[in-house]
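The values are calculated or read from the model by the stated rules, or taken from the named source; none is laboratory data. Every value quoted in this text rests on a predicted model; they were computed, and no experiment measured them. Cβ placement follows ideal geometry from the backbone for every residue including glycine, while neighbour counts extend to all protein chains displayed. Accessible surface areas use protein heavy atoms only, side chains included; no ligands, DNA or RNA. Shrake-Rupley method; radii C 1.70, N 1.55, O 1.52, S 1.80 Å.
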Amino acid sequence: MVLVTGGAGYIGSHTCISLHEAGFDFVIFDNLCNSSQESLARVEKIIGKKIPFYRGDIRNKQDLQNVFDTHKIDSVIHFAGLKAVGESVEQPLHYYDNNVNGTLVLCQVMQEYNCKKIVFSSSATVYGDPHTTPIKEDFPLSATNPYGRTKLFIEEILRDLYICDNEWKIILLRYFNPVGAHKSGLIGEDPNGIPNNLMPFISQTAVQKREFLNIFGDDYDTHDGTGVRDYIHVVDLAQGHVKALHNIDKIQNVLSVNLGTGNGYSVLDMVRAFEKASNKKIPYKIAPRRTGDVAKCFADPSYAFEVLGWRAEKGIDEMCEDSWRWQSQNPNGYSRD
Ligand code: NAD
Ligand code: WQD
């Protein structure tokens, strides 16, 4: 049985479907601080099966022990965490407590129950401002904000855990920029309030929830002056977790793996692709650069293929078509408020 912390969230909900398709049994643990019961109902509808769900907080030992007492958990996919960069600058202690302390408590409980396999949601943010692209896993690590530092610290904590006990099997998946949604249009990204990330902002502009998109800077050293990122379809990302579980028993040492496509697209490339997919105009204005943004960030994804046999299959058009289907069918997301 796989424990999926944060399984009601954006990436977690898509991963649950891939786990089901691959024949894994799993249980979801989430405090719903950034998700809703409705996403779970939708996942159950897609897979045609009830999913064991525990509402609880990873910082609460008893909440977790309750799950480990009820199910024989062999491995954990650990998505639970807070992820808003700006909020992390405003509330660093809350981020360190939730993400770092939460992971410590989770690992303590895992150790207690002799469950020593974990796949952790890390991020390309651990590369800070990379000196060059494409980014390989052995590039220097740094952070530019408290959120990024929680990922960096957790990676270090997990490495220490392995050093003290080599029985641990630990895979750190460093996601680039997840976008898109499940083909059904039933589940997708549902940010609370005004979206921070590009794709939900574009899709909310397309359904006229937002008047126009602000493009943060057009004077970067990129092919059209706007920021370049490695957007990856969330279903490809979900599949990466299945591959991680398939390979976790054979890994030596802590494995850090980039999950990206290797393609860098600019903000304007994304706007054009979304316009094509949705047949809607996306009004935009050029705005000042956003503090902390880097010009270019995209992966060298070759190591993921080498060690996990995984590579991304979906391109930019499919990412935009699937994001659009989700947004147009659910203009208010899961309507959790
Ligand atoms: P999300 O907010 O949709 O999902 C995270 C889930 O964790 C939510 O359902 C939330 O309710 C839950 N959660 C948070 N704190 C918890 C706690 N203390 N106890 C129990 N549940 C808790 O975010 P997502 O986009 O699905 O991201 C999943 C993971 O991937 C996060 O760790 C995030 O940092 C990481 N990540 C995300 C991105 C991205 O751009 N979406 C990129 C890189 C890494
Ligand atoms: C993408 C590009 C913006 C919004 C963030 C986190 C990172 C990771 C993923 C979790 C950039 C531009 C954006 C807008 C814009 N999260 N943009 N107008 O910044 O690459 O990564 O999310 O780990 O840690 O930092 O993603 O989607 O915010 O921005 O012009 O309204 O779109 O400047 O070039 P980012 P993003």
Item to complete: Among DSSP beta bridges lying fully in the chain, give the percent that are antiparallel, nearest 5.
Response: 5 percent
Discussion item. Given a 1.4 Å probe and heavy atoms of the protein chains only, how would you sort Glu211, Glu275, largest accessible area at the top?
Written reply: Glu211, Glu275
Worksheet entry | Helix axis angle, 146-164 relative to the chain longest principal axis, alpha carbon, degrees | 30 degrees
Worksheet item: How large is the convex hull of the Cα atoms of the chain per residue, expressed in Å³ as a whole number?
Response: 122 Å³
Response to the item:
From most to least accessible, 1.4 Å probe, no ligand or DNA/RNA atoms counted, Ser88, Ser328, Ser335 line up as Ser335, Ser328, Ser88
Worksheet item: Quick one: how many Å² of Arg229 are accessible to a 1.4 Å probe, rounded to 10?
Response: 40 Å²
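Taking only protein heavy atoms and a 1.4 Å probe, what accessible area per residue, in Å², does segment 99-161 have with all protein chains in place?
Ligands and nucleic acids excluded, the result is 38 Å² per residue.
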Practice prompt. Using Cα centres only, tell me the gap between segment 267-337 and segment 67-130 in whole Å.
Written response: 25 Å
Worksheet entry | Mean separation of Cα contacts under 8 Å, 6 or more apart, over the residue count of segment 1-70: relative contact order % | 31 percent
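Counting each DSSP H run of 4 or more residues in the chain as -39500 (n - 2.57), what helix-only mean residue ellipticity at 222 nm follows after dividing by all residues, to the nearest 500 deg cm²/dmol?
-11500 deg cm²/dmol
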Worksheet item: Rounded to a whole number, what is D in µm²/s for segment 221-337 from Stokes-Einstein with the Kirkwood radius over alpha-carbon pairs (10 °C, 1.306 mPa s)?
Response: 97 µm²/s
Worksheet entry | Contact order normalised by residue count of segment 77-225, Cα under 8 Å, 6+ apart, percent | 22 percent
Worksheet item: With the chain treated as a Gaussian network of Cα nodes joined by springs under 10 Å, which of Val100, Val85, Val234 yields the largest mean-square fluctuation?
Response: Val85
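Let me check something: with ligands and nucleic acids excluded, how do Glu189, Glu90, Glu38 order by accessible area (1.4 Å probe), largest to smallest?
Numbers: Glu189 30, Glu90 145, Glu38 70 Å².
From most exposed to least exposed: Glu90, Glu38, Glu189.
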Fill in: Rounded Å value of the spacing that divides the Cα centres of segment 197-264 and segment 170-192
9 Å
Worksheet, complete the sentence: Lys250 and Ser328 label points (each 7 Å along its Cα→Cβ direction) are spaced in nm at 4.3 nm
Response to the item:
Highest GNM mean-square fluctuation among Thr133, Thr226, Thr205, for the chain with Cα springs under 10 Å, belongs to Thr133
Practice prompt. Might you work out the accessible area of Thr125 for me, using a 1.4 Å probe with all protein chains in place, and round it to the nearest 10 Å²?
Written response: 30 Å²
Fill in: Vicinal HN-Hα couplings computed from phi for segment 271-287 (Karplus, 6.51 cos²θ - 1.76 cosθ + 1.60; Hz; Gly/Pro x)
4, 5, 5, 5, 4, 5, 5, 9, 6, 10, 8, 10, x, 9, 10, 7, 10
Worksheet entry | Relative contact order [Cα under 8 Å, 6+ residues apart], the chain, whole percent | 19 percent
Worksheet entry | Heavy-atom accessible surface of the chain: percent carbon and sulfur, 1.4 Å | 47 percent
Worksheet item: Taking a 29 Å limit on the Cα-Cα distance, which of the listed pairs Lys61/Lys296; Lys136/Lys209; Lys183/Lys280; Lys45/Lys72 fall beyond it?
Response: Lys61/Lys296; Lys136/Lys209
Worksheet item: Expressed as an acute angle from 0 to 90° and rounded to the nearest 10, what is the orientation of the C-alpha long axis of helix 234-247 relative to the principal long axis of the chain?
Response: 30 degrees
Item to complete: Choose one answer from Pro92, Pro288, Pro200: the residue with the largest mean-square fluctuation in a GNM of the chain with alpha-carbon springs under 10 Å.
Response: Pro288
Worksheet, complete the sentence: extent check for segment 38-79: Cα max minus min per principal axis, descending, whole Å, gives 31, 20, 17
